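Chemist: First, the structure itself, so that you have it in front of you.
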Amino acid sequence: MMRFLMTYESGLIFGFGIILGGMANPAKVLNFFDVAGTWDPSLAFVMGGALGVTALGYRIVLRRPAPRMADIFHLSTLLRIDVPLIAGSAAFGIGWGVAGFCPGGALPVIGTLDPAVLTFTGAMIAGIVIAKAIKSRSQPLGHTA
């Protein structure tokens, strides 16, 4: 039960931060990308603040021997830039630039039932399912990632 409450609390804080920072507003996000037109640099401060909090948070949290709600830290061991990383980053960036939503920004406003948000979220879920299917078909038998 405590794990559920911590997850719920983290989600609320994240969603509130996304909304407060304006990242749930696709017009604000699209204006951030429109450097030749109605450029709005304010999201750079939101992203910079998030980067600072994350960097500091990792330094503090990773000093602990283990997380509070798990036995070990689950950190990526991948240290190379490869095709899946580049393709995923490109898909994320293109989707964000075209739709004005990133997954983190769309989820807090899904309750508005805005057709643009529902379309984006449906496409995101379909993309995740398709990517997992492609990845599972390309894995050698007995190998799990």
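Just so it is clear, none of the values below were taken in a lab; they were calculated from the coordinates. This structure is a prediction, so every number in the text was calculated from the model and none was measured. A quick note on method: Cβ atoms are made from the backbone with ideal geometry, for glycine too, and the neighbour counts reach across all protein chains shown.
Chemist: Using only DSSP helix segments of four residues or longer, with each worth -39500 (n - 2.57), what per-residue ellipticity at 222 nm results for the chain after dividing by its residue count and rounding to 500?
Modeler: Working: 6 runs with 93 residues, N = 145.
Rounded to the nearest 500, it is -21000 deg cm²/dmol.
Chemist: Separate question: Run through region 72-109 and list the chymotrypsin sites (Phe, Trp or Tyr not before Pro) located in a DSSP loop whose Cβ has at most 15 other Cβ atoms within 10 Å. If you can, show how the numbers build up before the last one.
Modeler: Numbers: sites: Phe73, Phe92, Trp96, Phe101; in loops: Phe73, Phe101.
Answer in residue order: Phe73.
Chemist: Once you put a point 7 Å from the Cα of Arg3 and another 7 Å from the Cα of Ala133, both along the Cβ direction, what distance in nm separates them?
Modeler: Spacing of the two 7 Å Cα→Cβ label points: 3.0 nm.
Chemist: Show me the chymotrypsin sites (Phe, Trp or Tyr not before Pro) within region 4-68 that DSSP assigns to loop and that have at most 14 other Cβ atoms within 10 Å of their Cβ.
Modeler: Trp39
Chemist: What nm value, rounded to one decimal, do you get for the distance between Asp40 and Val83 when each label is placed 7 Å out toward the C-beta?
Modeler: 3.9 nm
Chemist: Moving on. If you bin every alpha carbon distance in region 45-118 into 10 Å steps from zero, what whole percent lands in each bin?
Modeler: In whole percents, the pair-distance histogram is 14, 27, 39, 19, 1.
Chemist: At 30 angstrom or more along the helix axis (alpha-carbon based) and mean Kyte-Doolittle of 1.0 or higher, what helices does the chain contain? Whole DSSP H runs only. Present the calculation step by step, with values, prior to reporting the outcome.
Modeler: On the way: long enough: 115-138 (34 Å, 1.09).
Membrane-span-like by this rule: 115-138.
Chemist: Right, next: How big, on average over all directions, is the shadow cast by the Cα convex hull of the chain, in nm²?
Modeler: Projected over every direction and averaged, the Cα hull of the chain covers 11.6 nm².
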